[in-house]
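To start, I am sharing the structure in question, which I have written as structure tokens.
The values are calculated or read from the model by the stated rules, or taken from the named source; none is laboratory data. Keep in mind the model is a prediction, meaning the values are calculated, not measured. Ideal geometry is used to build each Cβ from the backbone, glycine not excepted, and the neighbour counts take in all protein chains shown. The area values use the complete protein model at the heavy-atom level, side chains included, leaving out ligands, DNA and RNA. Shrake-Rupley method; radii C 1.70, N 1.55, O 1.52, S 1.80 Å.
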2 protein chains.
Amino acid sequence: MPTARMSKPWMLVAGLALVYAQASIAQDPLPSWNNTAPKKAVIAFVQRVTKPGSRDFVPVPERIATFDNDGTLWSEKPLPFQLFFAFDRVKALAPQHPEWKTKEPFASLLKGDMQGVFAVEKGVLQIMTVTHTGMTTDEFARAVQEWITTAKHPQKSLLFTQMVYQPMLELLAYLRANGFKTFIVSGGGVEFMRPWTEGVYGIPPEQVVGSSGKLKLETRNGKPVLLKLPEVDLIDDKEGKPVGIQSRIGRRPIAAFGNSDGDLQMLQWTMAGSGPRFALFVHHDDAKREYAYDRADKLQTFDKGWDEAMAKGWTVVSMRDDWKTIYPKDP
Amino acid sequence: MPTARMSKPWMLVAGLALVYAQASIAQDPLPSWNNTAPKKAVIAFVQRVTKPGSRDFVPVPERIATFDNDGTLWSEKPLPFQLFFAFDRVKALAPQHPEWKTKEPFASLLKGDMQGVFAVEKGVLQIMTVTHTGMTTDEFARAVQEWITTAKHPQKSLLFTQMVYQPMLELLAYLRANGFKTFIVSGGGVEFMRPWTEGVYGIPPEQVVGSSGKLKLETRNGKPVLLKLPEVDLIDDKEGKPVGIQSRIGRRPIAAFGNSDGDLQMLQWTMAGSGPRFALFVHHDDAKREYAYDRADKLQTFDKGWDEAMAKGWTVVSMRDDWKTIYPKDP
């Protein structure tokens, strides 16, 4: 439930959308979904596993649902939003790093030459390293909190937290109202997501699984701190998603939601369990209201996942045809 | 809540004890605790953080409590119980490994010569490796479930799950009744604990943090499986406990419970946060009803932790003086 972390004004948009979603469940659990096949499939699945005495009944503790974040709960174009955070951090930290003015990829970034940044081999990795490691977890969380309250999307001029999908907020609330525990299982950084997922999605930090670097306990001014090291701990993408699910959650989901081939192994892992199962892909086919991309996309390919969904009859949401609205309306 | 995993008869003892603990909260939240300082300190802390409007009020989502397992929630003598599981697994697997009859440390173990086992350099590590890696997570969980339903403690002749501390079951239930989310943060193996913690402690798999090895996704008979690899992922002990808490929970506990120097960093990490905090050590000083050991113990040293608890006024429970009962009574 969004409580402790709801005190900031910037969370109001998503927060109110979530409250609205929760309040409206009684009438129609998914009001922003058209009455097409995906909505019917979701509701049929939830009714099937929650009906007491039925053969397919799933006890509450086993009702685990996992959601990818980028492209499934919020937008991910033109680049995953965590990269915009990293770029903005370089600009914020630049005064402390005069050498960046002449050192690539920082020089290009500071001049606003993104082509130049991407032309540097491992340029993005260097930017991620200086902006995501070398500080304490508390310092990093503060930087994320500051950024997410103020930074705006370069194309839509919305706060990034306004670019969450209203239909998915409703789905999260609907599942939780039916005893599901909702988790994020994302390729994005776990320390990047946790400061705001509770306020925006109602998903608390302990239910967020993501990519992570190693941490080291140190003492500073007599107090313990955790330092973020430039060493990979978990890449929570593709075959890393079942690993993240098992190591952090320890229970196989009965429902999983994604939007790209990076989520395919999570959906396969979910569907390979016994009893009733549900798998859903969000298909970005709405160039007008959001973005349109799938098989040919270089970063967020939806190709093998599409084929497997078709072959196995998994649910695929057309954002254009199945969703009435994309983003929460400004209150 | 102990639901799905409560169906096995072997869980009844601990399960009934837990239900009893939950039911009796209304009258006395901690009936197996004497009315001494530790009980008063626990209750005062819980009342302080749950009183609406008070300066020390802590919102429900922030009420995170972490518990060590071995020696804090159940006994750990003469050896941590996971080692008995490992030894029993060697015996169970021996028919498939005729070479073990002449290969140490297996030969000694199969002859019942434990001195011989411990005399082999890294003998225990070899035993842990063959019994905890090389199989799928599902296969391992099944082996744990089978063992924990039948194996008995070599000295007390009780099921290991009967050797949980009744006062701590009451404490877990009392905290949860007051909005706390209870987690295990143990040096023990996470895959060893998860199959039974929900039934025994009411702590679901996703709230269990423990030591772990790396996992690898593979396909067997067309289905995805996770293979347990002989590579360390997290040693969730000492300075690894704050790392485990941050990487798996992502939120600093406001209360932490341990019994040895292996828990000291977890308690320090907990106490270093702002606002009201609580730290408690269980002191094993009851040779008659359980075991007595502290500073001089080789495996479960309670020395630096004792000194810091004294210096900082943390709560230390004397099992002999502060607890009316140790283990749940047979129903």
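Residue A:204 is checked against (1) more than 13 Å from chain B (Cβ to nearest Cβ); (2) within 27 Å of residue B:268 (Cβ to Cβ) and fails just one. What number does that condition carry?
(1)
Given the residues A:272, A:256, A:292, which is the only one that is at pLDDT 95 or above and away from chain B (no Cβ under 13 Å)?
Numbers: A:272 fails: away from chain B (no Cβ under 13 Å); A:256 fails: away from chain B (no Cβ under 13 Å).
Residue meeting the stated conditions: A:292.
Kindly indicate whether any position in region B:169-181 is within 12 Å of chain A (Cβ to nearest Cβ) and at pLDDT 95 or above.
So the first thing to find is which residues in region B:169-181 are within 12 Å of chain A (Cβ to nearest Cβ), and the list is B:179, B:181.
Still in the list and also at pLDDT 95 or above: B:179, B:181.
Yes: region B:169-181 contains one or more residues that are within 12 Å of chain A (Cβ to nearest Cβ) and at pLDDT 95 or above.
Another question about this same structure. Which one of the conditions (1) in contact with a helix residue (DSSP H, G or I) (Cβ under 7 Å, 6 or more places away or on another chain); (2) open to solvent by 10 Å² or more (accessible area, probe 1.4 Å); (3) within 29 Å of residue A:240 (Cβ to Cβ); (4) within 14 Å of chain A (Cβ to nearest Cβ) does residue B:187 fail to meet, given that it meets all the rest?
Evaluating residue B:187 over (1) in contact with a helix residue (DSSP H, G or I) (Cβ under 7 Å, 6 or more places away or on another chain); (2) open to solvent by 10 Å² or more (accessible area, probe 1.4 Å); (3) within 29 Å of residue A:240 (Cβ to Cβ); (4) within 14 Å of chain A (Cβ to nearest Cβ) leaves (4) as the failure.
Scan B:163, B:114, B:128, B:135 and give me the residue that is more than 14 Å from chain A (Cβ to nearest Cβ) and closer than 25 Å to residue A:243 by Cα. Give the derivation first.
Values: B:163 fails: closer than 25 Å to residue A:243 by Cα; B:114 fails: closer than 25 Å to residue A:243 by Cα; B:135 fails: more than 14 Å from chain A (Cβ to nearest Cβ).
Answer to the check: B:128.
Condition first: open to solvent by 10 Å² or more (accessible area, probe 1.4 Å), small (Gly, Ala, Ser) and outside any helix (DSSP H, G or I). Can you find one or more residues in region B:53-76 that meet it?
Looking for residues that are open to solvent by 10 Å² or more (accessible area, probe 1.4 Å), small (Gly, Ala, Ser) and outside any helix (DSSP H, G or I), one finds at least one in region B:53-76, hence yes.
Counting only residues that are part of a helix (DSSP H, G or I) and not aliphatic (A, V, I, L, M), which one in region A:310-324 is least open to solvent (accessible area, probe 1.4 Å)? Walk me through how you get there before you give the answer.
Of the residues in region A:310-324, the ones part of a helix (DSSP H, G or I) are A:310-312, A:319-322.
Retained after the next criterion (residues that are not aliphatic (A, V, I, L, M)): A:312, A:320-322.
Details: A:312: 125, A:320: 134, A:321: 78, A:322: 13 Å².
Here the answer is A:322.
Can you spot a residue in region A:299-309 that is touching a residue at least 60 places away in the same chain (Cβ under 8 Å), surrounded by fewer than 16 Cβ atoms within 10 Å (Cβ to Cβ) and not polar (S, T, N, Q)? Walk me through how you get there before you give the answer.
Filtering region A:299-309 down to residues touching a residue at least 60 places away in the same chain (Cβ under 8 Å) leaves A:299-300.
Pick out the ones that are also surrounded by fewer than 16 Cβ atoms within 10 Å (Cβ to Cβ) and you get A:299.
Those still in the list that are not polar (S, T, N, Q) too: A:299.
The answer is yes; a qualifying residue exists.
Next up: Of a type in the set (A, V, I, L, M, F, W, C), assigned to a loop (DSSP other than H, G, I, E, B) and either on the phi > 0 side of the Ramachandran plot or without any contact (Cβ under 8 Å) to a residue 60 or more places away in the chain (or both): does that describe residue A:296?
Values: of a type in the set (A, V, I, L, M, F, W, C): yes; assigned to a loop (DSSP other than H, G, I, E, B): yes; either on the phi > 0 side of the Ramachandran plot or without any contact (Cβ under 8 Å) to a residue 60 or more places away in the chain (or both): yes.
So residue A:296 fits the description; yes.
Hey, any hits in region A:277-288 for a residue that's within 14 Å of chain B (Cβ to nearest Cβ), surrounded by 18 or more Cβ atoms within 10 Å (Cβ to Cβ) and at negative phi?
Keep residues of region A:277-288 that are within 14 Å of chain B (Cβ to nearest Cβ), which gives A:277, A:279.
Now narrow it down to the ones that are surrounded by 18 or more Cβ atoms within 10 Å (Cβ to Cβ): A:277, A:279.
Among the residues that remain, those that are also at negative phi are: A:277, A:279.
So far as region A:277-288 goes, yes, one or more of its residues are within 14 Å of chain B (Cβ to nearest Cβ), surrounded by 18 or more Cβ atoms within 10 Å (Cβ to Cβ) and at negative phi.
Residue B:86 fails exactly one of the following numbered conditions: (1) of a type outside the set (Ser, Thr, Tyr); (2) open to solvent by 10 Å² or more (accessible area, probe 1.4 Å); (3) modelled with pLDDT of 95 or more. What is the number of that condition?
So residue B:86 meets the others, but not (2).
Please verify whether region A:39-49 includes one or more residues that are open to solvent by less than 30 Å² (accessible area, probe 1.4 Å) and aromatic (Phe, Trp, Tyr).
Yes.
Now a separate question. Applying the selection to region B:156-189, what residues are among the charged types (D, E, K, R) and assigned to a helix (DSSP H, G or I)?
B:170, B:176
Mind checking which residues of region A:214-243 are more than 8 Å from every other protein chain (Cβ to nearest Cβ), closer than 30 Å to residue A:273 by Cα and open to solvent by 30 Å² or more (accessible area, probe 1.4 Å)?
A:232, A:235, A:237, A:238
For region A:49-65, give me each residue that is within 11 Å of chain B (Cβ to nearest Cβ) and of a type in the set (S, T, N, Q). Full working, then the answer.
If we filter region A:49-65 for residues that are within 11 Å of chain B (Cβ to nearest Cβ), which is where we start, we get A:57-64.
Once the filter is applied, which keeps residues that are within 11 Å of chain B (Cβ to nearest Cβ) and of a type in the set (S, T, N, Q), region A:49-65 yields nothing.
Okay, next question. Mind listing whichever residues of region B:241-293 are of a type in the set (Asp, Glu) and not in a helix (DSSP H, G or I)? I'd like the intermediate steps shown before the answer.
Our first condition is that a residue be of a type in the set (Asp, Glu); within region B:241-293, this holds for B:261, B:263, B:285-286, B:290.
Correct list: B:285, B:286, B:290.
Against the definition (more than 14 Å from every other protein chain (Cβ to nearest Cβ), in a helix (DSSP H, G or I) and in contact (Cβ under 8 Å) with a residue 40 or more places away in the chain), how does residue B:144 come out, yes or no? Spell out the reasoning first.
Values: more than 14 Å from every other protein chain (Cβ to nearest Cβ): no; in a helix (DSSP H, G or I): yes; in contact (Cβ under 8 Å) with a residue 40 or more places away in the chain: yes.
Taking the combined requirement at face value, the residue does not satisfy it.
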